[in-house]
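Notes follow the structure.
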Amino acid sequence: MHDKGRLARLFLPLGAYLVVTLVPFYWMLVFAFRPTGSTALVPWPITLDHFRTVWTDLGFAVFFRNSLIVALGTLVVVSVFAVMGGYALARFAFRGRRAFLLALLCSQFVPGAMVLIPLFLVFKATHLLNSLQGLVIADSAFQLPLALILMSGFVRNVPVDLEEAAMVDGCGRLRAFLAVVLPQLRPGLVAVGSFAFIGSWNNFLFALMFSGRQDRFTLPVGLSYTLGEFNVDFGALAAGGVVAAVPVVAVFAVIQRFLVQGLTAGAVKG
Amino acid sequence: MSRARWTPYLLIAPTVLLMAVFLAYPIGSVVYYSLQHYNATRSWANGFAGLDNFRQMLLHDPLFWQSLGFSVRWVVVEVGLQLLLGLVLALIVNETFIGRGLARALVFSPWAVSGVLTTGIWILLYNPSTGIFQQLASWGIGSPGASVLGDPATVFPATVVAELWRGVPFFAILLLADLQGIPRELYEAAEVDGATRWQRFRLVTLPHLRDAIVLSTLLRGVWEFNNVDLLYTLTGGGPADQTTTLPLYVARKAVDSHDFGYGSALTTAGFVVLLFVSVLYLRLSKFDRR
């Protein structure tokens, strides 16, 4: 009886959802690994031709490296700034707090597409065009507001008592933060950091606009630039997609396990 | 709360600086441009326009109203379904069962591959010659040669499903993170008091998730409203402007006709609509009182 309930309540909907989730991935894999012209549903024999085309001929090796640098840089900047700002929002009543929070929320209303023109001019003036550093800064600026909002939520979930106890025991605020709060924020940091990494990895608009040189392209730009070819060559489109997807999905799979561990361990008992 | 006056300002300073240069200044520029005739291809006619752009937009531009209408429809359908499915999904993978970790990783994985990649995947899946519908037709399900993205009758559901695919995991992740913060004791106490499963959900789970739901629907609503990459690459706003959202229209004005002034006016209008709806939403949900 109990097991039947779980089957209907858990496993049937989960299974159905998994099918819908995985079929598109599978479709991409099939296209990526089967020879052009084949319509087999199980690609056999497997060909790596599409990957060779994409990796060397289309320059995805360079795009891959660029994407990695930009995404990791964004992760570091966003994580550090978000912890600082999130802590300020959660733990201090300061003048301008509401205005700052409002600014964070409002910034989410800005369509990236339209601020591109003024942003382009800012980048030109600061000599950040065609540089990976520039992309890190732009991505960080756009990722930060959400990261800060999320992080302040995570900080608020850490009981103030813990910190106060440490401070009563003679810790300064900084030491209390590092010793007591920061370890509790680990799941929050994983969440915010992975949001930033993946957001930056997938950011298309900025990378397209701010890198006019092919050796500065990131993966999404590389994908789009060869889109004309992809209209005929679905194999290359799929292989390019796999190259771009595998790292984030892999990183995500690892992070995801840690996220679960961290979240369950994070349940505070005084 | 602390007495240290300068600490919070020091902590938010880097963020404020970044946002001022890369967000606030560009926004200001857009508002400024919206009051200008600013078309890169007709530079002789450029200059102060007053409210001309807005007058044109509100009174003489059916595509503005159509795209705004589609944007609203898109947001309501997407966010509603994403919240519903995301909540169900979060509740399911919050239960204890064998293979839960793997199930979570798989269920959440589309969220990792957004943007151009999502589009690429769905282009493959929807393409009329070798896509999934062609495959199904070869098994006798449906009719062959159907182009779901080219047919006005199917383009809306087709794009909605593609966006759901990458959007539902976002809700599921955020809600799952919040679900895990609910103290077990609350459920145990409710169970001791004889609460049914539904009562436990309604009286313990939902109130706890309230803030997360309000915030995630708001943010997602804004994102879906402003989302460009998926529709732009999947349908280009077609067929016959059927899937043109306001930002897509803006992009067309700015990129194709180089009309930065009018494009900026459209952007400003979208911004005002979002701001108004968001403030209203926060008021109604009483989120701003916290």
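The values are calculated or read from the model by the stated rules, or taken from the named source; none is laboratory data. The model shown is predicted, which means the values in this text are computed figures rather than measured ones. Positions of Cβ are backbone-derived with ideal geometry, glycine not excepted, and every protein chain shown enters the neighbour counts. These area figures cover heavy atoms from the full protein model, side chains too; ligands, DNA and RNA do not enter into them. Shrake-Rupley method; radii C 1.70, N 1.55, O 1.52, S 1.80 Å.
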Residue within the range B:188-196 that is touching a Lys or Arg at 6+ places or on another chain (Cβ under 6 Å) and either within 12 Å of chain A (Cβ to nearest Cβ) or over 25 Å from B:GLN242 (Cα atoms) (or both) present: yes
B:TYR232: passes all of (1) at pLDDT 85 or above; (2) among the aromatic types (Phe, Trp, Tyr); (3) open to solvent by 40 Å² or more (accessible area, probe 1.4 Å) but (1)
Wholly within the range B:86-144, helices (runs of 4 or more DSSP H) carrying at least 3 residues that are within 24 Å of the chain's Cα centre (by Cα): B:100-112, B:116-126
For the range B:239-253, check the following and say yes or no: at least one residue is within 19 Å of the chain's Cα centre (by Cα), over 24 Å from A:LEU119 (Cα atoms) and surrounded by fewer than 22 Cβ atoms within 10 Å (Cβ to Cβ). yes
Listed by first then second residue, the pairs whose first member lies in the range A:35-57 and is within 18 Å of B:LEU125 (Cβ to Cβ), whose partner is among the hydrophobic types (A, V, I, L, M, F, W, C), with beta carbons under 6 Å and at least 6 positions apart or on separate chains, are A:PRO43/A:VAL30; A:PRO43/A:PHE33; A:HIS50/A:ALA32; A:HIS50/A:ALA236; A:HIS50/A:ALA239
List the number of the failed condition for A:ASP215; all other conditions in (1) more than 10 Å from every other protein chain (Cβ to nearest Cβ); (2) touching a helix residue (DSSP H, G or I) at 6+ places or on another chain (Cβ under 9 Å); (3) within 30 Å of B:SER29 (Cα to Cα) hold. (3)
Among the residues of the range A:37-60, are any within 11 Å of chain B (Cβ to nearest Cβ), open to solvent by 70 Å² or more (accessible area, probe 1.4 Å) and more than 30 Å from B:TYR9 (Cα to Cα)? yes
Find the helices (runs of 4 or more DSSP H) located wholly in the range B:191-251 whose residues include 1 or more that are in contact (Cβ under 8 Å) with a residue 12 or more places away in the chain, over 28 Å from B:GLY150 (Cβ atoms) and of a type outside the set (Asp, Glu), and list them. B:197-200, B:206-226
Just to confirm my filter: which helices (runs of 4 or more DSSP H) fall fully inside the range A:99-189 and include at least 3 residues that are of a type outside the set (Phe, Trp, Tyr) and under 26 Å from the mean Cα position of the chain (by Cα)? A:112-125, A:132-156
Residue hits (the range B:253-271; farther than 11 Å from B:GLN36 by Cβ and aliphatic (A, V, I, L, M)) are B:ALA254, B:VAL255, B:LEU266, B:ALA269
